[in-house]
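Worksheet for the structure shown next.
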Amino acid sequence: MITGTFLDEITHDIPYQNWGPEEWAADFRAMKDIGIDTVIIIRAGYKDRCTFDSQVLRKRHPHLLTGYDLVDIFLTEAEANGMKLFFGTYDSGEYWHSGQPQKEVDINRAFCDEFFAKYGHRKAFQGWYMCHEINSFDEGVMKVYEQLANHLRGLRQLPILISPYIKGIKQFDDAISLDQHEKEWGQVFSRIQGLVDIVAFQDGHVDYPVLKDYLQANAELARRHKITSWSNVESFDRDMPIKFPPIGWPKLKFKIDAAREAGVDKLITFEFSHFMSPNSMYQSAHTLNKCYRKHYLGH
């Protein structure tokens, strides 16, 4: 079963739900009800948006777009529901894409220091999530991972998670072969072994007939480098002409089964609140929740 979810209201390509404390409290109860014990802030800040009023980011974006203190809300609800929370770092949307990895590291160091001073004492805070997603070896991002992971460990020794993706046919015309994927990720894992504790590959970029092959390769590569293997079971549909509706139940069940057969250690999803919640803005998420509950919980 899925026992973890990302939390995304600093959105990149899905709509805002504009929830406040009451709505988030209800949704955390719904998460707990299906067995979720881990929540991951997918990014605490993105470009000029932030989950809290960050003075670090205001230096770069004086018009910083922020509302509720979502970090406090998420920590409060995680504590109320006995969940672990992984704090997601900052994505500049610029530096690490333009050959300036050191600037990405520097702003993240200051941002994470600010987070830790404000919230580092909170009981639910039990992990770090480095939000920079890659699909193959990238020297610039290796520098981000290496320096940022060491800095996070210096703040508090907690598990560090990443959630990369596969350069698959659903997004790329020059999709990567399984052999090349294994080669690229062997290089990545060799660089981050001992720095990153958990990897949760996104599962939505390759076709269903070959999904289990990639999941098995990911799990074996991770174990070889002493990294815990999770699977990010995407609960939205990449096969539709719009971005992004809740996924069809048969597809979700297929991906859960494939991950289980591949031998991963934990299933998480991107992400419950939009695509699987009985409180979602999407009606089809309500019924996906019913299908999931009936199959796995019997009610």
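Scalar couplings 3J(HN,Hα) for region 286-293, obtained by applying the Karplus form with A = 6.51, B = -1.76, C = 1.60 to θ = phi - 60°, are 4, 6, 5, 4, 5, 4, 5, 5 Hz; x denotes Gly and Pro. Taking amide H as placed 1.01 Å from N in the peptide plane, F201 has its amide H under 5 Å from the amide H of W230, N232, each at least 5 places away in sequence or on another chain. From most to least packed by mean Cβ count within 10 Å, the peptides 103-109, 170-176, 220-226 give 103-109, 220-226, 170-176. The string of couplings for region 260-269 from the Karplus curve (6.51, -1.76, 1.60, θ = phi - 60°) is 4, 5, 6, x, 6, 8, 7, 10, 10, 9 Hz, one whole number per residue in order, with x for Gly and Pro. Taking amide H atoms as placed 1.01 Å from N in the peptide plane, the amide H of L158 has no partner under 5 Å among residues 5 or more positions away or on other chains.
Residue separation of A26 and D13 scaled by 0.36 nm, minus their Cα-Cα distance, works out to 2.3 nm of gained length. Calculated [222 nm] ellipticity per residue, helices only, for the chain: -14000 deg cm²/dmol; basis is -39500 (n - 2.57) per DSSP H run with n ≥ 4, divided by all residues, nearest 500. Listed by chain and number, the aspartates and glutamates placed with their C-alpha closer than 14 angstrom to that of K294 are D33; residues fewer than eight positions away on the same chain are left out. Using the Cβ of F275 as centre and a radius below 15 Å, the other residues enclosed give a net charge of -2, where K and R count +1 and D and E count -1.
Listed values for region 37-51 are Karplus-derived 3J(HN,Hα) couplings in whole Hz (6.51 cos²θ - 1.76 cosθ + 1.60, θ = phi - 60°), namely 10, 9, 10, 10, 5, 5, 6, 7, x, 9, 6, 9, 10, 8, 7, and x replaces Gly and Pro.
Once both labels are positioned 7 Å from their Cα atoms along Cα-to-Cβ, the gap between D179 and K123 label points is 5.4 nm.
The listed peptides 239-250, 115-126, 137-148, ordered by packing as a protection proxy, come out as 137-148, 115-126, 239-250 (highest mean of other Cβ atoms within 10 Å first).
Dipole of the chain, Cα-centred, from +1 at each Lys and Arg C-beta and -1 at each Asp and Glu C-beta, to the nearest 20 debye?
For the chain, the charge dipole is close to 560 debye.
Could you list, in their original order, any pairs among K32/K251; K167/K255; K167/K212 whose Cα atoms are separated by more than 21 Å? K32/K251, as the Cα separations exceed 21 Å there.
Here, each number is a calculation from the coordinates, and none is a lab measurement. Computed from a prediction, not measured in an experiment: that's the story for all the values here. Using ideal geometry, Cβ is built from the backbone for each residue, glycine included, and neighbour counts are taken over all protein chains shown.
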